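Scroll down for the structure; my scribbles are underneath it.
The values are calculated or read from the model by the stated rules, or taken from the named source; none is laboratory data. The shown structure was predicted, so the numbers you read here are calculated from the model rather than taken from an experiment. Virtual Cβ from ideal backbone geometry, glycine too; neighbours counted across all protein chains shown. Side chains are part of the model used for accessible areas, which takes the heavy atoms of the whole protein and leaves out ligands, DNA and RNA. Shrake-Rupley method; radii C 1.70, N 1.55, O 1.52, S 1.80 Å.
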Amino acid sequence: MAADTPITQDVMTIPRKLPEGPVNLVGLTRDGLRDALIAGGTPEKQAKMRTGQIWQWIYQRGVRDFDAMTNLSKAYRAELAERFVIQVPEVVSRQVSADGTRKYLVRIAGGHEVEVVYIPEEDRGTLCISSQVGCTLTCSFCHTGTQKLVRNLTAGEIVGQIMVARDDLDEWPEPGEGSGERPRRLSNIVLMGMGEPLYNFENVRDAMKIAMDGEGISLSRRRITLSTSGVVPEIARAAEEIGCMLAVSFHATTDEVRDKLVPINKRWPIAELLEALKAYPKLSNSERITFEYVMLKDINDSDADARRLVKLIAGIPAKINLIPFNEWPGAPYQRSDWSRIEAFADIVYKAGYAAPIRTPRGEDIMAACGQLKSATERARKSRAQIAAETGTGA
Ligand code: SF4
């Protein structure tokens, strides 16, 4: 990966004048929604109240039709329907694994597809969402890494993944039902799907702000985990502007091995990454950083690796997630033997770190960690075409 890989542009500013065609309200921040309503003719002095009302219909009740917004006048609902839409990604396929894991293939603007995975557990339900079509990076153990970056997802396409999963899980309250009455089946979000979230910072930030908003989907920031492969300059910013939990795709204990597994390491080597993590503003014993460590046979799974790992992260409130490698067609690695994984976990645990071994989920439907890839390949598309697709108006 070239050292000067550009960090992406901000694509979600709303111009004063509405662009041609209906504007999708999903993904607009509260200010963006207010601006759009005013640009669409809502009197400025009513805009704040209308924003609050429409926000609740969309994100608290899951309404997609303005006509159902019964606390707005019929005339105003008709006006809204003329100028705006409430659009979420289209579910192209839905697979359910024998272990209950669900994988959705969803289609977004331009016909691109991304994968979303829902993992039900005793005490929680986790949705693994994507932030890019393909990925900017090429981690060699990751199936997504073999798919070139096609484009960043918009904030609407990111939060839309949560909304389509809530549709499928029947999580929206019925008319007359209180928003908190239904048990939460989708309680946690991990930005561990396709793409490097910190290379699509603004859209990920806006989407997570929407997901955390208490008058909508209302997910606690402590139940949202953003996983980065190590985009050092954006790590502190993530704490300040998003404030969710942080995970890092660590996977190796020497630069020599990490350069191969996580090529961004050539840009920000282990020492620099650890400095940034030590300075992570939200760091505390109750808010530990998760170090993700894929277990690859004879690559990074020795006792020496385990001892080096605990030495490297000393002083950082951390937990280590050991991920048995999930093979994919053509993968250049094998999963470590189970006894090796347990021996590794034992060394880490004895050093005082929680070292849960992640149970592979959804393997039968290729939904396990590192197995996601969509058929969308990068067609020759100009910036203008991509801008038109995402409604960013070049
Ligand atoms: S691990 Fe993450 S950053 Fe690396 S290629 Fe896969 S999706 Fe991209």
Checklist outcome for this item: Among Gln87, Leu226, Val23, the residue whose Cα sits farthest towards the positive end of the charge dipole of the chain (+1 at Cβ of Lys and Arg, -1 at Cβ of Asp and Glu, taken about the Cα centre) is Val23
Item to check | Largest-first ordering by accessible area, 1.4 Å probe, given options Met163, Met49 | outcome: Met49, Met163
Item to check | the chain - accessible surface per residue (Å², probe 1.4 Å) | outcome: 43 Å²
Checklist entry - If you take the C-alpha gyration tensor of the chain, multiply each eigenvalue by 5 and take the square root, what semi-axes do you get, largest first, in whole Å? => result 38, 22, 20
Next on the checklist: Using only the Cα atoms of segment 57-112, what are the Rg and Dmax in Å?
Outcome noted: 16.0, 49
Checklist entry - Using every alpha carbon pair in segment 23-85, what percent of pairs falls into each 5 Å bin from 0 up to the bin containing the largest distance? => result 4, 20, 35, 32, 10, 0
Item to check | Which of Ile108, Pro120, Leu137, positive extreme of dipole for segment 85-137 (C-beta unit charges) | outcome: Ile108
Item to check | Estimated [θ] at 222 nm from DSSP helical runs (n ≥ 4, -39500 (n - 2.57)) normalised by residues in the chain, nearest 500 | outcome: -9000 deg cm²/dmol
Checklist outcome for this item: Sparse-neighbourhood loop hits (trypsin sites (Lys or Arg not before Pro), segment 53-143; DSSP loop; Cβ within 10 Å at most 13 others) -> Arg124
Checklist outcome for this item: The simple spin-label model distance between Tyr76 and Glu44, using points 7 Å out along Cα→Cβ, in nm, is 1.8 nm
Checklist entry - Tell me, what HN-Hα J-couplings in whole Hz come from the Karplus equation 6.51 cos²θ - 1.76 cosθ + 1.60 at θ = phi - 60° for each residue of segment 116-124, using x for Gly and Pro? => result 9, 10, 10, 10, x, 9, 3, 9, 6
Item to check | Global form of segment 70-186, assessed from the alpha-carbon gyration tensor, a/c cut-off 1.5 | outcome: oblate
Checklist entry - Put Trp338, Trp328 in order of accessible area, largest first, 1.4 Å probe: what do you get? => result Trp338, Trp328
Checklist outcome for this item: Taking protein heavy atoms only, a 1.4 Å probe, and rounding to whole percent, the accessible area of segment 23-85 owed to carbon and sulfur comes out at 51 percent
Checklist entry - How large is ³J(HN,Hα) for each residue in segment 221-238, as worked out from phi by the Karplus curve 6.51 cos²θ - 1.76 cosθ + 1.60 (θ = phi - 60°), to whole Hz, x for Gly and Pro? => result 4, 6, 9, 10, 10, 9, 9, 10, 8, x, 7, 3, x, 9, 5, 5, 4, 4
Checklist entry - Across all directions of projection, what mean area in square nanometres is found for the Cα convex hull of segment 229-312? => result 5.4 nm²
